[in-house]
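Since the structure comes first, as structure tokens, the remarks are kept for the end.
The values are calculated or read from the model by the stated rules, or taken from the named source; none is laboratory data. On a predicted model such as this, the values are computed, not experimentally measured, just so you know. Cβ placement follows ideal geometry from the backbone for every residue including glycine, while neighbour counts extend to all protein chains displayed. Areas reflect the complete protein model, heavy atoms only, side chains present, ligands, DNA and RNA absent. Shrake-Rupley method; radii C 1.70, N 1.55, O 1.52, S 1.80 Å.
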Amino acid sequence: RAIRRMDARALTLDDVVAVRSYLPTDEEVTMIEGFKGEASTLAPPDLHFWHLMRIPLLQRRLDAFAYLLSFDSRVRALRASIKNIQVACAEVLGSNHLRFVLATVLGVGNTLNEGTFAGNARGFKVETLLRLGDVKSTDGKTDLMKYLASRFYNEFPEPFALPSSLAHASDAAKENFLELDREIGLVVEGMDSIADLVLDAEQDCVLTGVLEAFRARTAEQPAALLASMDVAKLEFDKVAILLIEERTDASPGVLFRVLFNFCELLERCRNSILQREAEEVAKAERKTKADEKQKAQELKAAEKGRAGLLARGKRILAVGAKGKSDTCSEPSHLAAAEGGAGGGGAGGKTTRSLREGGLKGDSTLRPVKSSLRSMQEGSSSVTADELTDKAQDSALSGSGSGMWGIKLRGKRTETPGKRAEGAVRNGGGSSTSGG
């Protein structure tokens, strides 16, 4: 009943195609027509064929039913394909980025081929765009495609917008005129078959009613498809003239596939450049962090050295303070010597000179204290060796003797007591001789 009424709510396109694929053969039709018994006694497959054979114009009805069910989707697909070609053609004709790239490639090619039969060319095949990578540099480290991409990126970045300006090239790359013409022809033939079936099925009101309603809704669509196809071909002819290409039945797919592949190649080159720049930035950041870390370590070491230097200076001051105390306290042998000399003569002068020299010890430490004060305030860069030398130089009294009677830098050691005792003896000798 669904086949008789051509009920699209009961049967899908797949159902109709399946039924049409399993129609009884001529031999099976002859056998079933020769059966004189009750239909209920037939086997299920034979009973199914028996019912189908009772439907008038079965084969043509199923063909028409399948055509009706697939018509809308087929027309939508054809319109989309034709539109892809038309839009892609408009994108190529209006793309200044593509013109710039083509002119650049042509100029570079003429420069490379200058002086040869291929020089001073007026154009080139579009397929040449995909072979730019085959032109290597003399050192083999780069090729013409990478070179152009680098120049575009640094000086003229507009060509990298080419993939977005040719957004429909990938869709148009799937189309060709031969296939589209064949599909549109099937749509037109199917509509003609519907018109013939309406005339042959005048007695079947259900069938003719369904077919007439379908024709009223879709009668103008085949002609509209043909007109759109003619426009698409005209637009593609303009593209072929611009790119110096010949139009064939497979032209749209071939040409737009080349343009799409070139756009992908250009995009890969751009991504490679961006990746290389990102790696360089990351490398610079790592170097900066390493330098900052090294600087921090150096500052930390300097602070540690300064702290050690301050501690060393304090120890020097502590030793100096102790030496002053020892010098200022009068030893017993000095007192004896001073008493033996009677408080006069050369011996007494020497003893007083030593005492006065010892009392000057505080002033000799002033350079060391000044250096330590500068270090604590952060205004001095005195090293440990310089501080030691300053302390030793300050301890010397011009003749090489320390204020505590200790000679530095490897000289012979002489205590203040012995020097005073010698001075007393010399003084005594002089007095005796004088007497």
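Residue-by-condition table, conditions (1) part of a helix (DSSP H, G or I); (2) on the phi < 0 side of the Ramachandran plot; (3) out of contact with any Ser or Thr (no Cβ under 6 Å at 6 or more places or on another chain); (4) open to solvent by 80 Å² or more (accessible area, probe 1.4 Å):
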| residue | (1), (2), (3), (4) |
| --- | --- |
| ARG9 | no, yes, yes, yes |
| SER40 | yes, yes, yes, yes |
| PRO56 | no, yes, yes, no |
| ALA64 | yes, yes, yes, no |
| LEU69 | yes, yes, yes, no |
| SER73 | yes, yes, yes, no |
| GLN86 | yes, yes, yes, no |
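Select from segment 183-204 the residues that are small (Gly, Ala, Ser), buried (at least 18 other Cβ atoms within 10 Å of the Cβ) and at pLDDT 90 or above and list them in ascending order.
Result: GLY190, single match.
Could you list all residues from segment 88-109 that are open to solvent by 50 Å² or more (accessible area, probe 1.4 Å) and small (Gly, Ala, Ser)?
The answer is ALA90, GLY94, ALA103.
This table checks each residue for (1) basic (Lys, Arg); (2) closer than 27 Å to VAL231 by Cβ.
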| residue | (1), (2) |
| --- | --- |
| PHE124 | no, no |
| ARG131 | yes, no |
| LEU148 | no, no |
| ASN154 | no, no |
| PRO163 | no, yes |
| LEU186 | no, yes |
| ASP200 | no, no |
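Among what's in segment 88-133 and is of a type in the set (Gly, Ala, Ser) and assigned to a helix (DSSP H, G or I), pick the residue that is nearest to ILE244 (Cα to Cα).
Let us first name the residues in segment 88-133 that are of a type in the set (Gly, Ala, Ser), namely 88, 90, 94-95, 103, 107, 109, 115, 118-119, 121, 123, 133.
Then keep just the ones that are assigned to a helix (DSSP H, G or I); that gives 88, 90, 103, 107, 109, 133.
Details: ALA88: 17, ALA90: 16, ALA103: 13, GLY107: 16, GLY109: 17, GLY133: 22 Å.
So the residue we want is ALA103.
Check off (1) open to solvent by less than 50 Å² (accessible area, probe 1.4 Å); (2) among the small types (Gly, Ala, Ser); (3) within 60 Å of the chain's Cα centre (by Cα) for SER21 and give me the number that stays unchecked.
(1)
Being among the acidic types (Asp, Glu) and in a helix (DSSP H, G or I) is the filter; apply it to segment 134-178 and report the residue that is modelled with the lowest pLDDT. Can you show your working first?
First pass over segment 134-178, keeping only residues among the acidic types (Asp, Glu): 134, 139, 143, 155, 158, 171, 175.
Applying the additional criterion that residues be in a helix (DSSP H, G or I) yields 134, 158, 171.
Working: ASP134: 85, GLU158: 82, ASP171: 91.
Of everything passing the filter in segment 134-178, GLU158 is modelled with the lowest pLDDT.
If the requirement is being more than 38 Å from the chain's Cα centre (by Cα) and open to solvent by 70 Å² or more (accessible area, probe 1.4 Å), which of these qualifies: ARG217, ARG270?
On the way: ARG270 fails: more than 38 Å from the chain's Cα centre (by Cα).
Residue meeting the stated conditions: ARG217.
Any residue that is in a loop (DSSP other than H, G, I, E, B) and charged (D, E, K, R) - is there at least one of those in segment 27-36?
Looking through segment 27-36, at least one residue is in a loop (DSSP other than H, G, I, E, B) and charged (D, E, K, R).
Here is a check on your reading of the model: is ARG60 touching an Asp or Glu at 6+ places or on another chain (Cβ under 8 Å), modelled with pLDDT of 85 or more and closer than 28 Å to VAL187 by Cα?
yes
Residues checked against (1) over 24 Å from ALA232 (Cα atoms); (2) open to solvent by 80 Å² or more (accessible area, probe 1.4 Å):
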| site | (1), (2) |
| --- | --- |
| ASP46 | yes, no |
| PHE49 | yes, no |
| MET53 | yes, no |
| LEU78 | no, no |
| THR111 | yes, yes |
| THR116 | yes, no |
| ALA121 | yes, no |
| PRO159 | yes, no |
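List the pairs whose first member sits in segment 1-15 and is without any contact (Cβ under 8 Å) to a residue 12 or more places away in the chain, whose second member is surrounded by fewer than 14 Cβ atoms within 10 Å (Cβ to Cβ) and in a loop (DSSP other than H, G, I, E, B), and whose Cβ atoms are under 7 Å apart, counting only residues at least 6 apart or on separate chains?
ALA2/ALA10
Return yes or no: is GLU175 free of Cβ contacts under 8 Å to residues at least 40 places away in the same chain and either loosely packed, with under 13 Cβ neighbours inside 10 Å or farther than 23 Å from LEU102 by Cα (or both)?
Values: free of Cβ contacts under 8 Å to residues at least 40 places away in the same chain: no; either loosely packed, with under 13 Cβ neighbours inside 10 Å or farther than 23 Å from LEU102 by Cα (or both): yes.
It is false that GLU175 is free of Cβ contacts under 8 Å to residues at least 40 places away in the same chain and either loosely packed, with under 13 Cβ neighbours inside 10 Å or farther than 23 Å from LEU102 by Cα (or both).
Working only within segment 219-237, note down all residues that are part of a helix (DSSP H, G or I) and touching a residue at least 24 places away in the same chain (Cβ under 8 Å). It would help to see each step written out before you state the result.
First, pick out the residues of segment 219-237 that are part of a helix (DSSP H, G or I): 221-237.
Scanning segment 219-237 gives GLN221, PRO222, LEU225, LEU226, SER228, MET229, VAL231, ALA232, LYS233, GLU235, PHE236.
Can you name the residue in segment 238-267 that is open to solvent by 50 Å² or more (accessible area, probe 1.4 Å) and not in a helix (DSSP H, G or I) and is also modelled with the highest pLDDT among such residues? First the steps, then the outcome.
Residues of segment 238-267 that are open to solvent by 50 Å² or more (accessible area, probe 1.4 Å), as a first pass: 238, 241-242, 244, 246-249, 254, 257, 260-261, 264, 267.
If we keep only those that are not in a helix (DSSP H, G or I) too, we end up with 244, 246-249.
Values: ILE244: 79, GLU246: 74, ARG247: 73, THR248: 71, ASP249: 62.
My answer is ILE244.
Only one of these conditions is not met by GLY37: (1) touching a helix residue (DSSP H, G or I) at 6+ places or on another chain (Cβ under 9 Å); (2) at pLDDT below 80. Which number is it?
All conditions pass for GLY37, except number (1).
From the list LEU180, LEU225, LEU207, which one is within 20 Å of ILE55 (Cβ to Cβ), of a type in the set (A, V, I, L, M) and open to solvent by less than 40 Å² (accessible area, probe 1.4 Å)? I'd like the intermediate steps shown before the answer.
Values: LEU180 fails: within 20 Å of ILE55 (Cβ to Cβ); LEU225 fails: within 20 Å of ILE55 (Cβ to Cβ).
The unique qualifying residue is LEU207.
Between a residue in segment 204-218 that is in contact (Cβ under 8 Å) with a residue 24 or more places away in the chain and any residue that is charged (D, E, K, R) and open to solvent by 80 Å² or more (accessible area, probe 1.4 Å), which pairs come within a Cβ distance under 6 Å, given they are 6 or more apart or on different chains?
Going by the 6 Å Cβ cut-off, the qualifying pairs are VAL206/ARG5.
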